[in-house]
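The values are calculated or read from the model by the stated rules, or taken from the named source; none is laboratory data. Computed from a prediction, not measured in an experiment: that's the story for all the values here. Cβ atoms come from the backbone with ideal geometry, glycine included; neighbour counts cover every protein chain shown. Just so you know, the surface numbers come from the protein's heavy atoms only, side chains and all, with ligands and any DNA or RNA stripped out. Shrake-Rupley method; radii C 1.70, N 1.55, O 1.52, S 1.80 Å.
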Amino acid sequence: MRKVLRWLLALTVFIGTLSTAGAATAAQSEPSDIKDRLLSIPGMSLIQEKPYPGYRYFVLNYTQPIDHRHPERGTFQQRITVLHKDTSRPTVFYTGGYNVSTTPSRREPTQIVDGNQVSLEYRFFTPSRPAPADWSKLDIWQAASDQHRVFTALKSVYPANWLATGGSKGGMTATYYERFYPRDMDGVVAYVAPNDVVNKEDSAYDRFFTRVGTKECRDRLNAVQREALVRREPLEKKYAQYAADNGYTFGTVGSLDKAYEAVVLDYVWGFWQYSLLADCDTVPAHAATATDDEIWNSVDTISGFSAYTDQGLEQYTPYYYQAGTQLGAPTIHFPYIERKLIRYGYQPPRNFVPRSIPMRFQPQAMRDVDSWVRHHASHMLFVYGQNDPWGSERFRLGDGARDAYVFTAPGMNHGANVAGLVPDQKALATARILRWAGVASPAVLANPSAARPLARHDAKLDVRDVEREPALRP
């Protein structure tokens, strides 16, 4: 019996020695430099490293399946960036829903938690587009699965808590990610995220435009928009010259006339999306007596006459494709403009996507997400701007939601953020973000009013302005 016990003891010690040696070998073989650790991930490659004080910043490519249901059917390179602070800090997973910037920047939740930031380019925005492009693989589930794979690959490098965030289409993207992979993130902060549940019912937008701002400002904007249609002939001549000078064409939308009206009809929406009530002073006060140049310049500044040219649309083909297949798109009316002045009205996304790309709308996609948020949202924060038209159709919470919030920043536009909330909501939102990230102090846990961002503001790094896209793109 004693021999058996001695043998068991010796075996235990031997196994322990092997385990210790194995752990030591693994520790020695694991890269210590963060760049080497990132590049040791299968499928990860370096495009560029850029210096920034207090951080390491990397622009990377990551190999993704074109179709996550059938990964054997090909791959593409998806661009990501990593703003690295420390592997012990929480990580914010940012999605803009469009192209990813390769200039170092820090989103509001990243500043609040003083963490790392991983930013992902949305699939099919170049250069993160498969070749050839099978557009049927551009949907919200495939995009969420891109995020899931990136998170899975990086979680071992950044083991602390993760938060997903994004603004506008990026806020939508963060929400869809949470819907399909609710166990990945410890919290979600979605800014100004539209929620078009029933694509054909858009009366909420019409109601918004009858009460936003002041009557004086609304009247001034409406008058300029109407005058641009009254002066269609001389201003379209100016548009034709503008297009010729810049090499712009109109093959996708169909004609210069269609493009012109689309730009003009975006005018009022675009103002409230990107401007504040105080900016009404920049709008011509007397449209009827304004010069053609004054009308043109005001519309061009707010809507952008290049927006519906082939060259302006090309970059955003993936967005319009998704708007016409899953996301939905708003339609509004213009009761202050005579019917004879409007030839096309708000045009559908199909008009802004090349006809060679097939599209079919899936009405169940947004209904599914909306129902999930209402009944299952947990650790989610939605922030909207009072004067942002995109907030007319927003995410709302039902009885099944837990530790989830919808806040509105007074007077703010499509750039609304936590910093712009009323004091009590700002403190609560900041405290919840800190808690979800696992970095809330005992004082904050006991009293949310004590919550403050953990990192100091950096004028170059912290992006507070709205991510400007041409009007009527979230």
### Task
Please verify whether the range 215-224 includes one or more residues that are in contact with a helix residue (DSSP H, G or I) (Cβ under 6 Å, 6 or more places away or on another chain) and part of a loop (DSSP other than H, G, I, E, B).
no
### Task
Consider residue 192 carefully, then state whether it is surrounded by fewer than 21 Cβ atoms within 10 Å (Cβ to Cβ), hydrophobic (A, V, I, L, M, F, W, C) and touching a helix residue (DSSP H, G or I) at 6+ places or on another chain (Cβ under 9 Å).
no
### Task
Would you tally the residues in the range 146-158 being open to solvent by less than 30 Å² (accessible area, probe 1.4 Å) and in contact with a strand residue (DSSP E or B) (Cβ under 8 Å, 6 or more places away or on another chain)?
7
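Per-residue answers, yes or no, for (1) among the β-branched types (Val, Ile, Thr); (2) under 26 Å from the mean Cα position of the chain (by Cα); (3) modelled with pLDDT of 95 or more:
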site	(1), (2), (3)
17	yes, no, no
29	no, no, no
35	no, no, yes
38	no, yes, yes
47	yes, yes, yes
56	no, yes, yes
### Task
Test residue 133 against the criterion of being free of Cβ contacts under 8 Å to residues at least 12 places away in the same chain and aliphatic (A, V, I, L, M), and give yes or no.
yes
### Any pair with Cβ under 8 angstrom, 6 or more apart, that starts in the range 159-180 at a residue that is farther than 16 Å from residue 141 by Cβ and open to solvent by 10 Å² or more (accessible area, probe 1.4 Å) and ends at one that is small (Gly, Ala, Ser) and not in a loop (DSSP other than H, G, I, E, B)
161/187
### Message
For the range 120-129, which positions are among the hydroxyl-bearing types (Ser, Thr, Tyr) and crowded, with 24+ Cβ neighbours inside 10 Å?
### Response
122
### Query
Does residue 208 meet the test of being over 23 Å from residue 348 (Cβ atoms) and open to solvent by 10 Å² or more (accessible area, probe 1.4 Å)?
no
## Note on the structure
Log entry, pairs with first residue in the range 33-59 being without any contact (Cβ under 8 Å) to a residue 40 or more places away in the chain and crowded, with 18+ Cβ neighbours inside 10 Å, second being outside any helix (DSSP H, G or I) and aliphatic (A, V, I, L, M), beta carbons closer than 7 Å, six or more apart or on different chains, reads 58/46; 58/82
#### Entry: Subset of the range 390-415 (residues that are open to solvent by less than 30 Å² (accessible area, probe 1.4 Å), of a type in the set (A, V, I, L, M) and either assigned to a strand (DSSP E or B) or at pLDDT below 95 (or both))
404, 409
### Message
For the range 96-109: of the residues being within 20 Å of residue 48 (Cβ to Cβ) and in contact with a Leu (Cβ under 8 Å, 6 or more places away or on another chain), which is surrounded by the most Cβ atoms within 10 Å (Cβ to Cβ)?
### Response
106
### Query
Could you list, in sequence order, the residues of the range 64-102 that are touching a residue at least 60 places away in the same chain (Cβ under 8 Å) and of a type in the set (Lys, Arg)?
89
### Query
In the range 432-461, which residues are closer than 29 Å to residue 101 by Cβ and open to solvent by less than 30 Å² (accessible area, probe 1.4 Å)?
433, 434, 436, 437, 451, 455, 461
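Each row is one residue, and each column tells you yes or no for (1) assigned to a loop (DSSP other than H, G, I, E, B); (2) more than 26 Å from residue 436 (Cβ to Cβ).
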position: 49; (1), (2): no, yes
position: 58; (1), (2): no, no
position: 61; (1), (2): no, yes
position: 72; (1), (2): no, yes
position: 76; (1), (2): no, yes
position: 81; (1), (2): no, no
position: 87; (1), (2): yes, no
